[in-house]
Amino acid sequence: MNKQKPVADNESRIMNQDLGMSPLEVELEAEKILADAKVDAGSDSRATRPEDCKPKFFENTARAYNEFQRVFGIPNKIFYPGCGADITPVKAFPNSQVTLLDIDDSAAAIVRSAGIPILNMPVEKYKGKHDLIILLNSTFSPGLATPFLERGGKIIANNYFAIPDYLKDMGYPILGLFEDKGDRSIFVPEHGRKLVVDSLYVFGDKEVK
């Protein structure tokens, strides 16, 4: 007689369909099914990789931050909402107070694992003022972060999710962008060129009317 694998009901109980399997065989088959399920879950492309559990530091971005300090001076207080696990500003601005914020629990845990403080909350619930705001790959509206910019402050943003377009429409002028040369970054004043996705842009504060 051919034996058929047991199936699970909606309550995940293994049912013996009375096809000649002993209770012990049913139990062993159930354990095999569960073990196979764990292997399948572990091979999921969405599973966490070891490198995803470490804070991120980006050399090219750090070069741009160094050039920012050369051109505009050292900012006193920096706000980086939606930072994920990126700690680059903390390392690149050693003489500034850097506030990291992200709503994602996993990202916050990764940053804290390096001994770096981070606020784990929505950006709209934050309160504070900063002379530099960093918006990189932000998935929230830039208008939620700009109220925290001090008068005369600067914004660094990349061109993901049309962040520069949002900022320009809100009245923040583009001052220029950073061009990475491999060993250093160079600030190039704005000349009305087309926005490039991988570039970092510097925005000035709104003009006082």
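The values are calculated or read from the model by the stated rules, or taken from the named source; none is laboratory data. Computed from a prediction, not measured in an experiment: that's the story for all the values here. Ideal geometry is used to build each Cβ from the backbone, glycine not excepted, and the neighbour counts take in all protein chains shown.
Considering the conditions (1) over 21 Å from ALA162 (Cβ atoms); (2) aliphatic (A, V, I, L, M); (3) part of a loop (DSSP other than H, G, I, E, B), ILE103 is excluded by exactly one of them, (1).
Close contacts from region 87-111, counting a first residue that is at pLDDT 95 or above and crowded, with 21+ Cβ neighbours inside 10 Å and a second that is part of a helix (DSSP H, G or I) and among the aromatic types (Phe, Trp, Tyr), with Cβ to Cβ under 6 Å and a gap of 6+ residues or different chains, come to ALA92/TYR65.
Out of the residues in region 151-185 that are of a type in the set (Phe, Trp, Tyr) and in contact with a Lys or Arg (Cβ under 9 Å, 6 or more places away or on another chain), which is surrounded by the most Cβ atoms within 10 Å (Cβ to Cβ)? Here the residue is PHE178. For region 122-138, indicate whether the set of residues that are hydroxyl-bearing (Ser, Thr, Tyr) and either under 12 Å from CYS83 (Cβ atoms) or assigned to a helix (DSSP H, G or I) (or both) is non-empty. Within region 122-138, one or more residues are hydroxyl-bearing (Ser, Thr, Tyr) and either under 12 Å from CYS83 (Cβ atoms) or assigned to a helix (DSSP H, G or I) (or both).
Of the numbered criteria (1) surrounded by fewer than 18 Cβ atoms within 10 Å (Cβ to Cβ); (2) at pLDDT 95 or above; (3) of a type in the set (Phe, Trp, Tyr), the one PHE148 fails is (1). Check whether at least one residue in region 114-122 is of a type outside the set (Phe, Trp, Tyr), touching a residue at least 12 places away in the same chain (Cβ under 8 Å), farther than 26 Å from GLU207 by Cα and buried (at least 17 other Cβ atoms within 10 Å of the Cβ), and report yes or no. Yes; the residues of region 114-122 include at least one that is of a type outside the set (Phe, Trp, Tyr), touching a residue at least 12 places away in the same chain (Cβ under 8 Å), farther than 26 Å from GLU207 by Cα and buried (at least 17 other Cβ atoms within 10 Å of the Cβ). Here LYS56 fulfils each of the conditions (1) surrounded by 14 or more Cβ atoms within 10 Å (Cβ to Cβ); (2) more than 16 Å from the chain's Cα centre (by Cα); (3) basic (Lys, Arg) apart from (2).
So which residues in region 91-100 are of a type in the set (Val, Ile, Thr) and part of a helix (DSSP H, G or I)?
So the first thing to find is which residues in region 91-100 are of a type in the set (Val, Ile, Thr), and the list is 98-99.
Selection gives nothing.
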